1. Taking the range 85-108 as the search range and keeping residues that are free of Cβ contacts under 8 Å to residues at least 12 places away in the same chain and part of a helix (DSSP H, G or I), which one is farthest from residue 58 (Cα to Cα)?
2. State whether the residues of the range 86-97 include one that is in contact with a Ser or Thr (Cβ under 7 Å, 6 or more places away or on another chain) and buried (at least 20 other Cβ atoms within 10 Å of the Cβ).
3. When the range 23-70 is examined, which residues are found to be closer than 26 Å to residue 85 by Cβ and among the charged types (D, E, K, R)?
4. Output the qualifying pairs, or none if there are none: Cβ atoms under 9 angstrom, residues six or more apart or on different chains, first residue in the range 59-72 and on the phi < 0 side of the Ramachandran plot and in contact (Cβ under 8 Å) with a residue 12 or more places away in the chain, second residue surrounded by fewer than 16 Cβ atoms within 10 Å (Cβ to Cβ) and among the small types (Gly, Ala, Ser).
5. Give the number of residues within the range 45-54 that are hydrophobic (A, V, I, L, M, F, W, C) and either surrounded by fewer than 16 Cβ atoms within 10 Å (Cβ to Cβ) or free of Cβ contacts under 8 Å to residues at least 40 places away in the same chain (or both).
Amino acid sequence: MLTASAIRSPRITHDFVTRAIELTDPSYVRTLAFVRLVQAASLVQQREPGQAVNVARHAIELAGSLKSHRYLRYIRDLSNDLASYDAEPAVVAFKEFVAEKYPDFASA
């Protein structure tokens, strides 16, 4: 079980989310997209922005046309978490990818 104190530990969160991905039926695309965004956020907290954007990009591609408020909030939160790494090419490319996929992202 993932407890509130475990969520504060990026490594425990990452391990838990990785296990959740392994156990989730691939047909549950929406669930996998959300879980992968949480995984990406845990990677940012572990100072692994390159891995984080790779995981997040995969989640976005997996989600297809999903544009729920909650989903977009996860992406926005992740983008905000990545702000410290805005000079890194992978982060720049990810933010450009998000802006292209969701042109009205800023107002979502």
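Derivation of every value follows stated rules applied to the coordinates shown; laboratory data play no part. Note that the structure is a prediction, hence the values are computed from the model and not measured. Cβ placement follows ideal geometry from the backbone for every residue including glycine, while neighbour counts extend to all protein chains displayed.
1. From the range 85-108, those free of Cβ contacts under 8 Å to residues at least 12 places away in the same chain are 86-87, 89, 92, 96, 99-100, 103-104, 106-107; that's our starting set.
Right, trim to part of a helix (DSSP H, G or I) and you get 89, 92, 96, 99-100, 106-107.
Details: 89: 17, 92: 16, 96: 15, 99: 15, 100: 15, 106: 21, 107: 23 Å.
The qualifying residue farthest from residue 58 (Cα to Cα) is 107.
2. Going residue by residue through the range 86-97, those that are in contact with a Ser or Thr (Cβ under 7 Å, 6 or more places away or on another chain) are 95.
With the extra rule that they be buried (at least 20 other Cβ atoms within 10 Å of the Cβ), the set shrinks to none.
For the range 86-97, residues in contact with a Ser or Thr (Cβ under 7 Å, 6 or more places away or on another chain) and buried (at least 20 other Cβ atoms within 10 Å of the Cβ): absent.
3. Selection gives 36, 47, 48, 57, 61, 67, 70.
4. Every condition considered, the pairs that remain are 67/108; 69/108; 72/108.
5. Looking only at the range 45-54, we keep the residues that are hydrophobic (A, V, I, L, M, F, W, C), and these are 52-53.
Of the ones still in play, those that are also either surrounded by fewer than 16 Cβ atoms within 10 Å (Cβ to Cβ) or free of Cβ contacts under 8 Å to residues at least 40 places away in the same chain (or both) are 52.
Of the residues in that region, 1 qualify.
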